[in-house]
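Asks: Mind having a look at this structure? Questions to follow.
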Amino acid sequence: MAKGREHSILLDFLRRLVRNRLAVAGGAVVLFFFVLSAFPHVFSRHDPNRIDVLKVLQPPSADHPLGTDELGRDVLARMVHGARISLKVGFVAVGIATAIGLLVGLVSGFYGGWIDAVLMRFVDIMLCFPTFFLILAVIAFLEPSIYNIMLVIGVTGWMGVSRLVRAETLSLKERDFVAAARAQGAGNARIIFRHILPNALAPVLVSATLGVAGAILTESALSFLGIGVQPPTPSWGNILTAGKDNIEFAWWLSVYPGLAILFTVLGYNLLGEGIRDAVDPRLRGR
Amino acid sequence: MRRALLLLVGFAVLAGDIGLLAGCAGEKKGGAGKGAAGASGPPAYGDALVDGSIGDVSGFVSAVTSDQPSHAAAGFVFNGLVRYDKNLQLEGELAESWEVSKDGKKITFHLRENVKWHDGAPFSSGDVLFTYRKMIDPRTPTAYAEDFKQVSRVLAPDPYTFIAEYDKPFAPALASWGMHILPKHLLEEYPDISKSPLNKKPVGTGPYRFLEWKTGEKVVFEENPDYFEGRPYISRVVIRVIPDPATMFLELKSGGIDYMGLTPLQFTRQTETPEFKNSFNKYRYLSFGYTYLGFRLSHPFFSDKRVRQAIAHAVNKKEIIDGVLFGLGHEATGPYKPGTWAYNPNVKKFAYDPAKAKAILGEAGWKPGRDGILAKDGRKFAFTVLTNAGNESRAKTAAIIQQNLAAVGIKMEIRTVEWAAFINEFVKKRKFDALILGWTIPQDPDLFDIWNSAKTGPDELNHIGYANAEVDRLLEKGRRTFDMEQRKKAYFRIQEILADEQPIVFLYVPDALQAIHKRFHGIEPAPAGIDYNFIKWYVPKGEQKYTTFR
Amino acid sequence: MLRYIVRRVLLMVPMLVGISLISFLVINMAPGGPIGIAADLNPKATAEYRERLKAYYGLDQPLHVRYGRWLGRMITLDFGDSFSPDGRQVSEKIKERIPVTLAINLLSMALIFFIAIPIGIYSAVRKDSWFDRISTVAVFTGFAVPTFWLALLLMILFGVKLGWLPISGLVSLEHASLGAAGKIWDRARHLILPVLLAGFGGLAGFSRYMRSNMLEVIRQDYIATAKAKGLPERKVVFRHAMRNALLPVITILGLSVPDLLGGSVIFETIFAIPGMGQLFYQGVMSRDYPLIMGILVIGAFLTLIGNLLADVGYALADPRIRTE
């Protein structure tokens, strides 16, 4: 493909995306928290783990714009550092899920036959298990370190992606340009990675965007049950969980992490939907 | 009616009812003026008390359960031969009186006559004999057999006399007969009593009869009108299982439950409103348990006494008590409760002194490296402390200690592990550097199981691997005499040794904090806490809330 | 039709085998194996107890024999005895807890259905209108808000401040003394918040799916034809478009079973509802492996049933499938 054409496709995509106000708003939220988590020290000069028992549960003030928590730690500092952890959980988990999903989907769709049958039945079976139950069960076998949490969320969340990719692969492999590549003597690997993969990425991008949101929510639910990211490492989930016990008395401890999760998940969802619409107008809202 | 047994304090104690851990120096808060409640009438029968519990009951035969909710529930239905009274002195319950022989090797209990099981069958010494046999039966999965294995012979010469004989004097013997007595006629046919229907539908001799248990939801008891100490005033007791503490507190405020243990934060900050004080009385007393920082003593860092002493200097206990307990607790200096007879107030104390800690560590060969972390022979002073998940106080304590130790150049990582795995995978297998945990403090000071050097097996309680020949000797001496002065001397000395050696850093004894709805009268705080006279609690006629269940 | 159903039921068999295989692998993955754990968990585990467990898991047998047995027991819903001190049968424990969870999930599913469908239709018909935008944000908010946080906020509002609804539990203490109508009302009051909450979280999926289906259908030729014939819009939308857009939604209902079940852990814990979700969470916390396995298998089985019902419903509604 010519450079120029790619360029115009991208421009076209962006133009459509920008026209969708909700997607723009979602994107802005996503970008905001992304910047926040990239430069936590810029936004708060406090150490997120600095305990000061003389300053326990102070309401927002000039020195502590979002107040302090039950150990006198600065909530703003914990929120911005927590943003980093929560987003990391989201991205790594989705990265794992997407990688597995892509692999299974490509192989299944491209080779077909019994490989496809076996893999897809496996997907069907995995989809039968309530994902959250499966995550809890595996956490019971392992331990709730941040890496295990990312791994488990990833490993239990790839089935949707693999179905999407398989469907896409099935239709792509019948296209002319694949036949052309094959005629030129391209091997299977080359065809898969060079010709099919790039064209199957759009729906994957959408599902990954939604997946980040889901993973952040899952982490907060795990934190509520006490097996999420372990304190003192801050995550939005465990800040909110610690805050819930003081929900009436120290509102700032639960409202900020609660809203951060809400806006972020909302943002990723709106952005994801926007991308889907912009990538392929035919798929609007699907 | 409720007793604190020797057990690891973990998840179980979080269970709403901290009242289990009885204590002293009762102090009534709130309830500004009884005068306002002029309606307060004379004692009356009726109404129900709804208690909140985080965990569900696992069974009612307390010999085979080891969690607090189960023991609390069993206490309504069952009795022991003896119990601790409000001043923590042993008194008779099913036994009217008893005699200990001169040499201390024989106890004769005279049982109450005319006591009936809830199904109408008469209670007799046969039941006591049966209970004893079940306690030492290897088929009974109980953690409390040890005390009964000390018994050499038992006799039941007539239905109202029971005799237990020991080869050697055994000081905790009398208290051990506080174990709930089980009905022989209902259990005889079950080889494993934990699998008997009685474990789910108990029949006892106690002040309340079992009515229903909806697993995960609630347990309901109703008054036993024929109770041998008199009919309880409160007609029903409901224990509601509410797993989330935030929900439980909202239930309390909205009237869904009447009684719960409060966190220090709730006690000091969230319940100081006029609305709350109008509806609830708050009680505060020192609990029967302490929290500690323990070391695996075979660990190369911690086998050096100087290192442990230095850490004791580096940990700011006051900061922990202020920050975690909001001042509602005492500094712990040993395994006994301040104010009890076995407690030695004059042991070596380790003031918070980071400079001194650094100096001691320097003497022990630990020098700061370029990154500020101490090192010795090329090895950095970095270790991981374990604690159980879900215990907010311990997590906070760990965070403070982490910061304290960082100040003297020790890097401590914190890892929280859920309770079952914590005990089974780490504590029992000795797979830890250090841990933050709690022990309950039993009324009898015999702590043989925790500190004796022989008790280091995987299922035994000396998990830090403490071994001191003098302590071993003193522990044996303390349990083999009934002479209070001699026992006191032995336990005082043990505390001196422990304070010097710091095998664990004793951190704090928290206060038990309770909130009870104001309509309940007759509550009299005492050294044993408030639950000891539960059958005397009442709600005056005009204030009764639940009146429709009969 | 009957043949279709029979075929679908037969198709469930290999799925069940697959479910059992994965479950079997999970239990054998447990560090130390099931015996080690059971014995560790119970310090008083007697030799006899160990032997019994060993016999139950057939650890002296080769792997394929063990799997065969596991499969056989699973089909008869025998999951062994729970590791918890009560030592009851896992199937008995699950049976006791499952009705509440199912009831709440069915109610919230119904709620989702009756709210999400109209939202989806209207959003599609008035695409890019203010209603479309606001409802989009609203349904996604339901999905995005952490359940336990919103639950507590609602409890404070309706339970503590207004005093309209009970905070947690299933029935009030005086339930037994109420009349028939009173009993129903009492139960209903306790279910309002959990069902609302579970429903709110599930709106997004359904309404968005309905919206996109509607958009697709509206673009079809026959709708354009109907419009061109001058039929009123209302009629076109409800008579023609909605019916066709609704069909695929039925299948989604079946697929949403695992998500709802998973969510039940959270709201059953926060609302103190003794259902299967809470039981599972407690099982996880106490490493009660037989219980964990039992609920995983039952959960997967419920999903299978949900899918079957959805597909049969779909077939009933769409003649094209039936004749296939």
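Asks: Can you pull the accessible area of B:ASP192 for me, 1.4 Å probe, Å² to the nearest 10?
Replies: For B:ASP192, solvent-accessible area is about 40 Å².
Asks: Continuing with the same structure: Give me P(r) over the stretch B:289-510, computed from all C-alpha to C-alpha distances, binned every 10 Å, as integer percentages.
Replies: Going out from 0 Å in 10 Å bins, the stretch B:289-510 shows 8, 33, 37, 18, 3, 0 percent.
Asks: What relative contact order, as a whole-number percentage, does chain B give when Cα pairs under 8 Å and 6 or more residues apart are counted?
Replies: Over chain B, the number comes to 25 percent.
Asks: Could you put C:THR251, C:THR303, C:THR76 in order of accessible surface area, largest first, with the 1.4 Å probe and the full protein assembly present?
Replies: C:THR76, C:THR251, C:THR303
Asks: In chain C, which whole DSSP H runs stretch at least 27 Å along their own axis (Cα) and average 0.0 or higher on the Kyte-Doolittle scale?
Replies: Span-like helices in chain C: C:2-29, C:90-125, C:180-218, C:289-317.
Asks: If you don't mind, another one. For the peptides C:187-199, B:197-209, B:73-85, what is the packing order when you average, over each peptide's residues, the other Cβ atoms within 10 Å and list the highest mean first?
Replies: B:73-85, B:197-209, C:187-199
Asks: Based on the Cα atoms of chain B, what semi-axes does the equivalent ellipsoid have, where each is the square root of 5 times one gyration tensor eigenvalue, given in whole Å with the largest first?
Replies: After diagonalising the Cα gyration tensor, the semi-axes are 40, 30, 20 Å.
Asks: Accessible area of the stretch B:79-202 with a 1.4 Å probe: how many percent of it is carbon plus sulfur?
Replies: Ligands and nucleic acids excluded, carbon and sulfur give 48 percent.
Asks: Which of A:PRO48, A:PRO60, A:PRO144 ends up with the largest GNM mean-square fluctuation for chain A, with Cα atoms connected below 10 Å?
Replies: With Cα springs under 10 Å in chain A, the top fluctuation among A:PRO48, A:PRO60, A:PRO144 is at A:PRO60.
Asks: Something else now. Any idea what Rg and Dmax come out to for the stretch C:99-274 if you just take the C-alpha atoms, in Å?
Replies: 19.3, 63
Asks: Any idea what the relative contact order of chain A is, in percent, if you count C-alpha pairs under 8 Å spaced at least 6 apart?
Replies: Across chain A, relative contact order equals 25 percent.
Asks: How much of the DSSP beta bridge set in the protein assembly as shown is antiparallel, as a percent to the nearest 5?
Replies: Antiparallel bridges: around 80 percent, rounded to the nearest 5.
Asks: Between the DSSP loop rule and a limit of at most 13 other Cβ atoms within 10 Å, which trypsin sites (Lys or Arg not before Pro) in the stretch B:357-409 are left?
Replies: When the trypsin sites (Lys or Arg not before Pro) of the stretch B:357-409 are filtered for loop state and at most 13 Cβ neighbours within 10 Å, B:ARG370 remain.
Asks: With a 1.4 Å probe and every protein chain kept in, tell me what percent of the accessible surface of the stretch B:289-510 is carbon plus sulfur.
Replies: 51
Asks: With the full set of protein chains in place, find how many percent of the accessible area of the stretch A:2-283 is carbon and sulfur; take the probe as 1.4 Å.
Replies: That share works out to 66 percent.
Asks: Give the accessible surface of chain C per residue, rounded to a whole number of Å², with probe radius 1.4 Å and ligands, DNA and RNA excluded.
Replies: Averaged over the residues of chain C, the accessible area is 45 Å².
Asks: Spin-label point model (7 Å from Cα, Cβ direction): what's the A:LEU142 to B:LYS380 distance in nm?
Replies: For A:LEU142 paired with B:LYS380, the spin-label model returns 2.5 nm.
Asks: To continue, here is another question. Which of A:ALA189, A:ALA28, A:ALA208 ends up with the largest GNM mean-square fluctuation for chain A, with Cα atoms connected below 10 Å?
Replies: Result for chain A, Cα springs under 10 Å: A:ALA189 fluctuates most.
Asks: Further question: Return one whole number: the accessible area per residue of the stretch A:2-283 in Å², for a 1.4 Å probe.
Replies: Counting only protein heavy atoms, the per-residue value for the stretch A:2-283 is 41 Å².
Asks: Can you compute the FRET efficiency between A:GLU174 and C:TYR4 using 1/(1 + (r/R0)^6), with r the Cβ-Cβ distance and R0 = 22 Å? Round to the nearest 0.05.
Replies: 0.15
Asks: In whole angstrom, and with the biggest value first, how far do the Cα coordinates of chain C range along each principal axis?
Replies: Cα spread of chain C along its principal axes, largest to smallest: 83, 57, 38 Å.
Asks: Over the C-alpha atoms of the stretch B:358-468, what are the Rg and the largest Cα-to-Cα span, Dmax, in Å?
Replies: Spelled out, the Cα radius of gyration and Dmax of the stretch B:358-468 are 16.3, 51 Å.
Asks: How large is the charge dipole for the stretch A:26-86, taken about the Cα centre, if only the Cβ atoms of Lys, Arg (+1) and Asp, Glu (-1) carry charge, to the nearest 20 debye?
Replies: With Lys and Arg at +1 and Asp and Glu at -1, about 140 debye.
Asks: Further question: Just want the answer: with Cβ charges of +1 for Lys and Arg and -1 for Asp and Glu, which residue in A:LEU127, A:ALA183, A:ILE261 is farthest toward the dipole's positive end in chain A?
Replies: A:ALA183
Asks: Would you calculate a helix-derived [θ] at 222 nm for the protein assembly as shown, using -39,500 (n - 2.57) for each DSSP H run of n ≥ 4 and dividing by the full residue count, to the nearest 500?
Replies: -16000 deg cm²/dmol
Asks: Taking 40 Å² as the minimum loss, tell me which residues in the stretch C:275-301 lose that much accessible area going from the chain by itself to the full protein complex (1.4 Å probe).
Replies: In the stretch C:275-301, residues shielded by partner chains: C:PHE280, C:TYR281, C:VAL284, C:MET285, C:ARG287, C:LEU296.
Asks: Sorted by mean Cβ packing within 10 Å, highest first, what order do the peptides A:154-162, C:177-185, A:106-114 take?
Replies: Ranking the peptides A:154-162, C:177-185, A:106-114 by packing returns A:154-162, A:106-114, C:177-185.
Asks: Kindly flag which residue pairs out of B:LYS396/B:LYS488; B:LYS218/C:LYS183; B:LYS149/B:LYS317; B:LYS282/B:LYS337; A:LYS244/B:LYS356; B:LYS105/B:LYS349 have an alpha-carbon separation exceeding 29 Å in this structure.
Replies: In this structure, B:LYS396/B:LYS488; B:LYS149/B:LYS317; A:LYS244/B:LYS356; B:LYS105/B:LYS349 exceed 29 Å between Cα atoms.
Asks: Can you list which of the DSSP-assigned H helices in chain A have a Cα extent of 18 Å or more along the long axis and an average Kyte-Doolittle score of at least 0.0?
Replies: Span-like helices here: A:21-38, A:75-111, A:113-128, A:159-172, A:197-224, A:252-279.
Asks: Using a Gaussian network model on chain C with a 10 Å cutoff between Cα atoms, which of C:LYS127, C:LYS161, C:LYS95 fluctuates the most?
Replies: With Cα springs under 10 Å in chain C, the top fluctuation among C:LYS127, C:LYS161, C:LYS95 is at C:LYS161.
Asks: Sort B:PHE276, B:PHE492 by accessible area with a 1.4 Å probe, largest first.
Replies: B:PHE492, B:PHE276
Asks: Please compute the contact order of chain C in relative form: average sequence separation of alpha-carbon pairs under 8 Å and at least six residues apart, divided by the residue count, as a percent.
Replies: Answer for chain C is 24 percent.
Asks: I'd like to know which of C:LEU150, B:PRO183, C:ALA138 lies farthest towards the positive end of the charge dipole of the protein assembly as shown, counting +1 on Cβ of Lys and Arg and -1 on Cβ of Asp and Glu.
Replies: Farthest towards the positive end: C:ALA138.
Asks: Among all stretches of chain B without exposed GluC sites (Glu not before Pro) (DSSP loop, at most 16 other Cβ atoms within 10 Å), which one is longest?
Replies: B:273-459
Asks: Additional query: Work out the length of the dipole vector of chain C about its Cα centre, built from +1 on the beta-carbon of each Lys and Arg and -1 on the beta-carbon of each Asp and Glu, and round it to the nearest 20 debye.
Replies: Dipole size: approximately 1040 debye.
Asks: What size of dipole, in debye to the nearest 20, comes out for the protein assembly as shown about its Cα centre when the only charges are +1 on Lys and Arg C-beta atoms and -1 on Asp and Glu C-beta atoms?
Replies: 3280
Asks: Something else about it: Set Lys and Arg Cβ to +1 and Asp and Glu Cβ to -1, take the dipole of chain C about its Cα centre, and tell me which of C:GLY68, C:ALA188, C:TYR281 lies farthest positive.
Replies: Of the listed residues, the answer is C:ALA188.
Asks: Is there a simple number for the mean count of other chain Cβ atoms within 10 Å of the Cβ of residues in A:221-231, and what is it?
Replies: Rounded to a whole number, the mean comes out at 6.
Asks: Next question. Show me you know the interface measure: the accessible area buried between A and C, both chains summed, probe 1.4 Å, in Å² to the nearest 100.
Replies: 4500
Asks: Related question: Between chains C and B, what is the buried accessible area in Å², counting both sides, with a 1.4 Å probe and ligands, DNA and RNA left out, to the nearest 100?
Replies: When C and B are taken together, about 3100 Å² of accessible area is lost.
Asks: Quick one: order C:SER84, B:SER235 from most to least accessible surface, probe 1.4 Å.
Replies: The ranking, largest first, comes out as C:SER84, B:SER235.
The values are calculated or read from the model by the stated rules, or taken from the named source; none is laboratory data. This one's a predicted model, so the numbers in the text were calculated from it and none came from an experiment. Cβ coordinates were reconstructed from backbone atoms using ideal geometry, including for glycine residues, and neighbour counts include every protein chain displayed. To get the accessible areas, we keep the full protein, side chains included, count just its heavy atoms, and leave off ligands, DNA and RNA. Shrake-Rupley method; radii C 1.70, N 1.55, O 1.52, S 1.80 Å.
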